[in-house]
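Single-structure report; data block below.
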Amino acid sequence: MKVDIFKRMESRNRISYLAVPQGKPLPQEVTNTDWQTAELDIDLEEDTGPLFNLTLDDALAQIGEKGYAITHLQDQQP
């Protein structure tokens, strides 16, 4: 699955990443925040390891459920 990756700075120098299926607009519920383009046209399934702090299984599950995937800040080191 091809996705576009967006990022935004969080507290404690952490970064959130958002994966949206390629060519789709940002979901309405996240358009009120300052997302910046990180990478476009990423093949999410080519890399089985974490990509932009997104694991493949979790990212695919989130995209299937809500149309996009976002990193879990509680899983990141402060």
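The values are calculated or read from the model by the stated rules, or taken from the named source; none is laboratory data. The structure presented is a predicted model; accordingly, all values stated were derived computationally and were not measured. Neighbour counts are summed over all protein chains in view; Cβ atoms, including those assigned to glycine, are modelled from backbone coordinates with ideal geometry.
Of all the numbered requirements in (1) crowded, with 16+ Cβ neighbours inside 10 Å; (2) modelled with pLDDT of 90 or more, Ile42 misses one, and that requirement is (2).
Per-residue answers, yes or no, for (1) in contact with a His (Cβ under 8 Å, 6 or more places away or on another chain); (2) within 11 Å of Thr71 (Cα to Cα); (3) modelled with pLDDT under 85:
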{"position": "Met9", "(1), (2), (3)": "no, no, no"}
{"position": "Ile15", "(1), (2), (3)": "no, yes, no"}
{"position": "Pro21", "(1), (2), (3)": "no, no, no"}
{"position": "Glu29", "(1), (2), (3)": "no, no, yes"}
{"position": "Thr37", "(1), (2), (3)": "no, no, no"}
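Restricting to the stretch 11-63, what's the tally of residues that are part of a helix (DSSP H, G or I) and under 15 Å from Met1 (Cα atoms)? Number satisfying all stated conditions: 8.
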